[in-house]
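Presented below is the structure to which this report refers.
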Amino acid sequence: MRSLSVTALMLLTTACAHGRPDAVAGVVVVAEPCFDSSRHDAINLSVINDSSERVALSSLGTSGPPYILHPNAFAVAAADGTPASGEHWDVLLEEFVPPDHEVSLGPGDRAQFHAYTSQWPTSEYHGQIKLQVRDTRGQSYESQPVPVCVPGAVPDNS
């Protein structure tokens, strides 16, 4: 009887540890190799839906790609989780119009976006940052950490 209880407990523990995978865990935010803090006009990023569910992102306007990601659906954060404050972060206080469109990504879809934010690191920031994207259901996704570009190291593509 005791061995049956131990076996049942082991099966239950294994089942809990390997439950249904999160279907939206496969959404990937791809940043540039470094964050160009001098580009306040647009931050370039890609979103790849490697999940098994449709993911929708708030946007402005119908043109694209690249689509314009709504500012409330995007943020730049310090990769180590420290609050973005102090002398090496710029803050621009703005009001944004509500999103007027959504970009819907099915499983396997990829889309390019231009994003805008009210808070970003200056070129003197020596830490790494993450780009954060939030879908219309409130689920957040982050890029891998990237450094802030060294001034003058980013080619001017204007």
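The values are calculated or read from the model by the stated rules, or taken from the named source; none is laboratory data. Computed from a predicted model, the values in this text were never measured in an experiment. Every residue, glycine as well, gets a Cβ built from its backbone with ideal geometry; the counts of neighbours run over all protein chains shown.
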Worksheet item: So His70 clears everything in (1) without any contact (Cβ under 8 Å) to a residue 40 or more places away in the chain; (2) within 20 Å of Gln139 (Cα to Cα); (3) loosely packed, with under 13 Cβ neighbours inside 10 Å except one condition, right? Which one?
Response: (3)
Response to the item:
Among the residues of the stretch 142-158, the number that are out of contact with any Lys or Arg (no Cβ under 6 Å at 6 or more places or on another chain), farther than 9 Å from Ile129 by Cα and either at pLDDT 95 or above or of a type outside the set (Ser, Thr, Tyr) (or both) is 9
Fill in: So Ser63, is it over 27 Å from Val150 (Cβ atoms), among the hydroxyl-bearing types (Ser, Thr, Tyr), in contact (Cβ under 8 Å) with a residue 40 or more places away in the chain and exposed (fewer than 15 other Cβ atoms within 10 Å of the Cβ)
no
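Among the listed residues Gly19, Gly86, Gly81, which satisfies the condition of being on the phi > 0 side of the Ramachandran plot and modelled with pLDDT under 70? Show your work before the answer.
Details: Gly19 fails: on the phi > 0 side of the Ramachandran plot; Gly81 fails: modelled with pLDDT under 70.
Residue meeting the stated conditions: Gly86.
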Worksheet item: How about the stretch 123-148: which of its residues are of a type in the set (Ser, Thr, Tyr) and in a loop (DSSP other than H, G, I, E, B)?
Response: Ser123, Tyr125, Thr136
Worksheet item: Taking Val103 and the conditions (1) surrounded by fewer than 17 Cβ atoms within 10 Å (Cβ to Cβ); (2) under 17 Å from the mean Cα position of the chain (by Cα), which numbered condition does it fall short on, given that it satisfies the others?
Response: (1)
